[in-house]
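Worksheet: one structure, shown below.
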Amino acid sequence: MKSNYNKNFRNLPGQVRYLVPLFFSLLGNTVFDARAAVGDRSPVIDFGTCARPEYPKSSLRAEETGRTTLQFIIDVDGTVLSSAVVESSGHDALDEAALSALVRCRFTPGRVAGVATKATSKVQYVWTLDDATPSDVAETPAPQREYAGKKNAPQTTVAPGDVMRRASLADDANPGLKTDVTMAKITALLKASRYEDALPYFEQLERSQVVLPEFFYYYQIDTLYRTKNVSQTLLKSQAYLEKFGKKGRHYSEVISISAEFEIIADKNRKDLDAELVKKSQAEAAYLVAMRKYNDAYKSYTIRLEKREKTLKACRAEQEESLNHCLALSKKAESIQNCYHFFNPDGCEFVKELSPPIEPNRP
């Protein structure tokens, strides 16, 4: 027999109709029972008549999860006569949140031979933060009856980005649109494998006053790991281990990532040390070469000064010899002979000097 869920859903305001499937798709799947027996059925909860249980802030921070099973006695008009927790999730806050929310729901009354009757109904609510295969609400039939053809709706796997968006919507301390938009951006970027682009949004949420669940930090570490950011991955991994320790859900994954990048970091440190040693040795060699260069340049300037003096004296001697020859010569022919025997390049024995070459700085 068809559930009244679709009918009630169509009666909701347009904006609410848009939010309900988004909210339910992020937080899990609602599983309904099909009733094959004609005329007989257990009470069916109408989710359109009540608010979905909200994750208690303290439980979200503590990463508490579990399965709360509630039992309701439903009157012939679909109202709840009494309610109780018949199987605890292990956390009082989660049990109370589930009971206080679902007790406000109305039910389609149970029927026997087509006649509405008072009956018992069990509703199971699963509190989950992990991305395994969550099923947040599952209706179970009354234990005294079994129906042929019962088939639960298939469950879906929630992607990492959807887990973070789900936590954002469930965290009653952060209902703001800005936080939801940022979570949605991270979701889209991670699904598109645009890890570098997602990192600024992780940092944006980290700088805000948002109370972030454990897996947010894990996905941040995983994103840094995928971008090969060794230093930041190790920094965030250390912060995660200090914050959550061995009780962390992703402790083993973070330890594995940290160990892998520690090996890379050690190699990088060794390479850096070797590079520093090599650079230090090159600098020392350069200093030695500079000392030799300075000594050579000092010697060069001394020899250059001596050369200039020798060259000047040679040219002065040549000029004096020419003038003496011209003074003794009376005929034009003799004067010509003076210039003929005068060698203007007679000072070639004074060799040119080359300056030393300055060494290049490493």
Kindly indicate whether Lys298 is in a helix (DSSP H, G or I), among the charged types (D, E, K, R) and modelled with pLDDT under 90. no
Out of all the residues in region 310-335, which are modelled with pLDDT under 75 and surrounded by fewer than 11 Cβ atoms within 10 Å (Cβ to Cβ)? Leu328, Lys330, Lys331, Ala332, Glu333
In region 193-222, how many are in a helix (DSSP H, G or I) and within 22 Å of Phe244 (Cα to Cα)? 16
I'd like to verify a number: residues in region 233-277 that are touching a helix residue (DSSP H, G or I) at 6+ places or on another chain (Cβ under 8 Å) and not charged (D, E, K, R), how many? 20
Any chance Ser100 is of a type outside the set (A, V, I, L, M, F, W, C) and under 37 Å from the mean Cα position of the chain (by Cα): no
Filter result for Asp271 (of a type in the set (Asp, Glu) and either loosely packed, with under 13 Cβ neighbours inside 10 Å or more than 23 Å from Ile186 (Cα to Cα) (or both)): yes
From the set of residues in region 198-247 that are within 30 Å of Pro56 (Cβ to Cβ) and of a type in the set (A, V, I, L, M), which is surrounded by the fewest Cβ atoms within 10 Å (Cβ to Cβ)? Ala239
Can you tell me which condition Tyr300 does not meet? The list is (1) in contact with a Phe, Trp or Tyr (Cβ under 8 Å, 6 or more places away or on another chain); (2) closer than 30 Å to Pro359 by Cβ; (3) of a type outside the set (Asp, Glu), and all the others hold. (1)
Name the one entry in Pro154, Pro143 that is closer than 30 Å to Ile186 by Cβ, surrounded by fewer than 13 Cβ atoms within 10 Å (Cβ to Cβ) and at pLDDT below 90. Pro154
Residues in region 258-269: is at least one assigned to a helix (DSSP H, G or I) and within 30 Å of Thr65 (Cα to Cα)? yes
For region 257-264, state whether one or more residues are within 30 Å of Ser58 (Cβ to Cβ) and at pLDDT 90 or above. yes
Yes or no: Glu305 exposed (fewer than 11 other Cβ atoms within 10 Å of the Cβ), in a helix (DSSP H, G or I) and either out of contact with any helix residue (DSSP H, G or I) (no Cβ under 7 Å at 6 or more places or on another chain) or aliphatic (A, V, I, L, M) (or both)? yes
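The values are calculated or read from the model by the stated rules, or taken from the named source; none is laboratory data. Here the structure is a predicted model, which is why all the values come from computation and not from measurement. Here Cβ is always computed from backbone atoms with ideal geometry, including for glycine, and neighbour counts include all displayed protein chains.
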